[in-house]
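Every number here is computed from the coordinates shown, using simple stated rules; none is lab data. What you see is a predicted model, and the numbers here were worked out from it, not measured in a lab. Glycine gets a Cβ as well: all are built from the backbone with ideal geometry, and neighbour counts include every protein chain shown.
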Amino acid sequence: MKKVRVWDPFVRLFHWSVVISLTANAFFTKGNSEFHHWIGYFVATLIVARVIWGFVGVGYARFTSFPPSIAGSIEQLSDISVGRRKPHTGHTPLGALMIYNLLITLLIICVSGYLMTTDAFWGDDLMEETHRMAVTWAEFSAIIHIVAVIFESFRTRVNLPRSMVTGYKNLP
């Protein structure tokens, strides 16, 4: 096994802050409460910071290290289907697509949530439905993300959750 530093402290702090914030807003706040709004503002700030870090950050945090790739995703699915194990140091191609999906979805949630508090969109059914659908999509995506991380950890024999805690991957 080779121990490789992959996730810098900012990426790990971002990840777990989003997890805690979304969990808090889903289970412990009411949608119209001030606390719910403040958590939303915090998540919006995290998203902006992560996008900036994606351009100026280090190593595997940079968007250039995990460009969206349909061909790479198809190759990864092929690897899965035939039992080929190719551990990736950074994000896998499918993982990269999930990251972009989640960043965009969270941005939609934050923008629609904020707009619902403005005079122009207060009580607007379209904005509320957009927010609700984006939240549902984020929850679905989070479940798929968790299942995929567990599956890939077993399949590749690389403990992915531990790497998001410690910053290091033990690669075969």
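Report the normalised scattering of the range 2-171 as log10 I(q)/I(0) at q = 0.15, 0.18, 0.19 Å⁻¹, calculated by the Debye formula with identical scatterers on the alpha carbons.
Per q value, in the given order, log10 I(q)/I(0) is -0.89, -1.18, -1.28.
Check every DSSP H run in the chain and write down those whose alpha carbon atoms cover 20 angstrom or more along the long axis and whose mean Kyte-Doolittle hydropathy is 1.6 or greater.
Numbers: long enough: 9-27 (27 Å, 1.09); 34-56 (33 Å, 1.18); 93-115 (33 Å, 1.96); 125-156 (45 Å, 0.51).
Span-like helices, by this rule, are 93-115.
Taking the chain as a Gaussian network, Cα atoms linked when under 10 Å apart, which of ILE109, ILE47, ILE80 shows the biggest mean-square fluctuation?
Checking each option, the largest mean-square fluctuation is seen for ILE80.
I'd like the FRET efficiency for VAL147 and THR64, computed as 1/(1 + (r/R0)^6) with the beta carbon distance as r and R0 of 30 Å, rounded to 0.05.
The calculated FRET efficiency here is 0.60.
So what's the gap between the Cα centers of the range 66-110 and the range 1-65, to the nearest angstrom?
About 18 Å separates the Cα centre of the range 66-110 from the one of the range 1-65.
Could you pull out every one of the lysines with an alpha carbon less than 26 Å from that of LYS3, ignoring same-chain neighbours closer than 8 positions?
Straight-distance partners of LYS3: LYS86, LYS169.
Divide by every residue of the chain the summed helix terms, -39500 (n - 2.57) for each DSSP H run of at least 4, and state the resulting mean residue ellipticity at 222 nm, rounded to the nearest 500 deg cm²/dmol.
Here the helix-only value at 222 nm equals -23500 deg cm²/dmol.
Apply 1/(1 + (r/R0)^6) to the Cβ-Cβ distance of HIS15 and THR118, taking R0 = 30 Å, and write down the FRET efficiency to the nearest 0.05.
Step by step, r from the Cβ atoms, then E = 0.50.
Would you look at the GNM of the chain, springs on alpha carbons closer than 10 Å, and say which of VAL147, VAL82, VAL56 moves the most?
Of VAL147, VAL82, VAL56, the Gaussian network model singles out VAL82 as fluctuating most.
When the convex hull of the C-alpha atoms of the range 20-111 is computed, what volume per residue in Å³ does it have?
Dividing the Cα hull volume of the range 20-111 by its residues yields 118 Å³.
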